[in-house]
1. State all residues of the range A:354-384 that are within 14 Å of chain B (Cβ to nearest Cβ) and surrounded by fewer than 22 Cβ atoms within 10 Å (Cβ to Cβ); if no residue qualifies, say none.
2. Taking A:VAL424, is it within 9 Å of chain B (Cβ to nearest Cβ), touching an Asp or Glu at 6+ places or on another chain (Cβ under 6 Å) and not charged (D, E, K, R)?
3. In the range A:486-500, is there at least one residue being in a loop (DSSP other than H, G, I, E, B), touching a helix residue (DSSP H, G or I) at 6+ places or on another chain (Cβ under 8 Å), surrounded by fewer than 19 Cβ atoms within 10 Å (Cβ to Cβ) and on the phi > 0 side of the Ramachandran plot?
4. Does the range A:455-464 contain at least one residue that is within 14 Å of chain B (Cβ to nearest Cβ) and not in a helix (DSSP H, G or I)?
5. Looking at (1) more than 28 Å from A:ARG84 (Cα to Cα); (2) at pLDDT 95 or above, which one does A:MET574 not meet, given that it meets all the others?
6. I'm trying to understand the selection: among the residues of the range B:275-304, which are surrounded by 24 or more Cβ atoms within 10 Å (Cβ to Cβ), polar (S, T, N, Q) and in a helix (DSSP H, G or I)?
7. When only residues in the range A:543-566 that are among the aliphatic types (A, V, I, L, M) and closer than 19 Å to A:GLY94 by Cβ count, which is surrounded by the fewest Cβ atoms within 10 Å (Cβ to Cβ)?
8. Kindly evaluate A:ASP477 against the criterion of being free of Cβ contacts under 8 Å to residues at least 40 places away in the same chain, out of contact with any Phe, Trp or Tyr (no Cβ under 6 Å at 6 or more places or on another chain) and part of a loop (DSSP other than H, G, I, E, B).
Amino acid sequence: MKRTLGFVALGAAASLFLSACGGAATGGGSDSADSFDLGSTEVVNASDKAGGTLKYALAADFDSTDPANTYYAFNWNFSRYYARTLLAFNTEPGDNATDLIPDMAVDLPEPNDDFTEWTVKIQEGLKYEDGTAITAQDIKYGIARANFNGGVFTEGPQYFKAHLDQDDHNVYDNGDDPLAGFDSIETPDDHTLVFHLKDSFSEFPNVLTQPQTAPVPIEADREALYQENVLSSGPYKFDGQYEPGVKLNLERNEHWDSDTDPVRQALPDRIEVEIGVSQDEIDERLLSGEIDVDLAGTGVGPAMNARLLDDESAQGNLDNPFSGALRYVNIHLPIIEDVACRQAIMYAADRDSMWRAWGGATGGDLATSLLPPAIPGSNTDSDLYPSADNKGDLDKAQEKLDECGESDGFKTNIAVRTEREKDVQTAEALQQSLARVGIDVEIKSFPSGDFFGQYAGSQDYVRENNIGLSVSGWGPDWPTGYGFASKITHGDAIMATGNFNTSELDDPEINGLWDDALKTEDPDERAELYTQIDTLVMENAAILPVVFDKTLIYRSDELTNAYYHPAYMMYDFMALGVDRG
Amino acid sequence: MSAPSHAPETTEPVDSEPGASASGRSDADNRSLRQIAWQRLRRDKVAMVSGLVVVLLILAAIFAPFLVKLFGHPPTQFHQDLIDPSRRVPYLDPENPDAGIDRWGGISSDHLLGVEPTTGRDLFSRILYGAQISLLVAFLATLVCVALGTLLGIIAGYMGGWVDTVISRAMDIFLAFPLMLFAIALVGVIPDGVFGLTGNGLRIGVIVFIIGFFNWPYIARIVRGQTLALREREFVEAAKSLGASNRHILFKEILPNLVTPIIVYSTLLIPTNILFEAALSFLGVGINPPTPSWGKMLSEAVPFYQTAPYFIIFPGLAIFITVLAFNLFGDGLRDAFDPRTSD
């Protein structure tokens, strides 16, 4: 999910993303150290004990509590407390966690032959918090308002808008019936939805896990104000005291039926969220047991990170899972046009030094390929630009420089986000290593809020200022090759500003493979295509991978059923409970 | 600035400071104020020591490349072999990683002040090079303040009337400006390459401009006040009656008598500007990496306050000592020049 990394603006959220990294629990022989990182692979403190209050705290704020209008991974996870979705991810740790299972649906959706039409049935007997029945029409309306709203909502993803075969529409400016003319989703009866897409989209079921598929009755919709009191379809409902930016408390919804819900354990009686608490304070209170979970899910802040890794007694309470993100350097094709020149950078880069900038073993795995380990088709062993100890191969780099006619190296600039300490150090490490072959890199730092809008992601700015490189990071919207990498490597994703395909890679072969994947039914075959894309992107030397980064999460002893879910890249909040002993 | 007063002998404004002549000692009568001040300064131990520190700092900054060649390593050179990659702080013994980490940052004969976490860059040379940036920005900015402040202050004080009103109101407005916020915003939006400046040249230019352009009223107010007093004095009247132009009176008659307060207040402005630059760097709108800067080093040190406290202490001490030295020296100068101070 996109926003674990805060690619877009939201300066206030920056502290959330200064995620983790620091020391290894190497050589720890104590009992507690045995449970280091246990939550990454299995359920820790398994328990079915119900009751109690589960306390969260959040350093930044929700982009919105309205399921239609949110793009933070933590909120895609959290909103499931009160907003059920059509599909969900499997509820177990490990390799099968990213498999899809039905939530409100009866079964997984059925496509037609070319994946342009999808039919899904929902369960009968589902109810809102007021006891009224949930219908297919409400789900249709929820999707319509989230995507076709004339700009009322600005935060959420736009996959439905991009793929539904729907003319322009605005539910808030459509006469008496907001859905009149909205024919891309049909509801032949109260429990069936038929989606009509304008192109083949084999991964469409992944989109149906997103919070935008939560049901919203037309009469309940209060547009932007709906987030103040979302009508619950899940096990918890707002207690009516929500203060945006301050606190959100959820209490049990008596009309939710656990028999209809394979996803949520709903153990605590009450959920409390404190909003706008500084990261340092959250970390301190996590340790003291005053709060149970850091809602942002991006791990402890840098100060606590350094402290925890230095504290033997804390090792057993630490989890160190992948954040899901790849940290990388874009090599901008329009600036460094010759592929051999770009490959010279790939060879000359001291990957070991950049990996250390990210905090070594607990900071992440050194990356030599595009797709992160949790994604089917990832090929993290492949390395097209190998070197001894990953220190860079200067002879090869020189060969490549000769090949592109720049034997003495060349000058370029690297753009970084000022506030991101590790991005800056990555750039410094790259600067040092490229200088070894005469590639002279000057570091230009920019505020992260405008980084993609005005600087590294602006085609004009990049060209006018000879920005040949930029430090970036990306996480998947859903855990497949397409959900991860299409936005950063497909030619169609190139934008004039706000450009996340920052290297401006527009390779016909890669574009063709992406399009093929969307017409391929078998996930394994798709995974093979994604592996090919991975290799092609590396051959093009458009992206210099740095690390698959990891977070450092403090796991309270009172927390039950804690396990890392790779789809949300944090604990599965729906499983959590508390046992205060 | 140190040129002796051009004031006509007969009017002797500099030598006729009431305090000096009122002291009534015969040997004092034949000395200029500057000589008296120098004598006083020499007797002020605190001022002399801080003055020495200031001189040493300036020399250290100027000769940083030479000193680093002798005692350190290039300030951007990585030494990651000294660093525990996970905890990101120096090993106690790089040969034996299992021995743990060194809370004192790997201080050794090779690295006099230890090395930075993560990158292993030599802290000694980074602090020396950081002094270059700090002092360069502070001096340039102070120069701009003094130039603008003196010019506008002397004009306001001498001309009076509507000119004085306009300039004085402008001072009020500039002093009310939220300088720090303005600086943060401006550094972020100024595009690379304006005025033919790029990279650090541009950053330094912008910071100097902001500090200089908004801090001149502090100097201007003092200069204006002194000018108001001076313009009523006999030597000015005399010059006027001899038909001297305004320009001559302003810059040849009045200005020389302002040199002392200007020097004193510039000395006190420099540490303020050092702190301002450090604050900007701390907030990430200072100099581009990897160029070292004290403020930036401090902000990078924050996450390591427990595992690598030396990393906060050394740059913090550098700022502290510099600011304190300039302040004490400035105070000493002021006291030395102040006729009301008794010997």
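The values are calculated or read from the model by the stated rules, or taken from the named source; none is laboratory data. Treat the numbers as computed from the prediction; the structure is a model and nothing was measured. So basically every Cβ, Gly included, is an ideal-geometry build from the backbone, and we count neighbours across all protein chains shown.
1. Step one: list which residues in the range A:354-384 are within 14 Å of chain B (Cβ to nearest Cβ), which gives A:354-366.
Selection gives A:ALA361, A:ASP365, A:LEU366.
2. Values: within 9 Å of chain B (Cβ to nearest Cβ): yes; touching an Asp or Glu at 6+ places or on another chain (Cβ under 6 Å): no; not charged (D, E, K, R): yes.
So A:VAL424 fails the test.
3. yes
4. If we filter the range A:455-464 for residues that are within 14 Å of chain B (Cβ to nearest Cβ), which is where we start, we get A:455-456, A:458, A:460-464.
When the remaining residues are screened for being not in a helix (DSSP H, G or I), the result is A:456, A:458.
Scanning the range A:455-464, I find at least one residue that is within 14 Å of chain B (Cβ to nearest Cβ) and not in a helix (DSSP H, G or I), so the answer is yes.
5. (1)
6. Answer for the range B:275-304, where residues must be surrounded by 24 or more Cβ atoms within 10 Å (Cβ to Cβ), polar (S, T, N, Q) and in a helix (DSSP H, G or I): just B:SER281.
7. A:ALA562
8. Values: free of Cβ contacts under 8 Å to residues at least 40 places away in the same chain: no; out of contact with any Phe, Trp or Tyr (no Cβ under 6 Å at 6 or more places or on another chain): yes; part of a loop (DSSP other than H, G, I, E, B): yes.
Criteria not met by A:ASP477.
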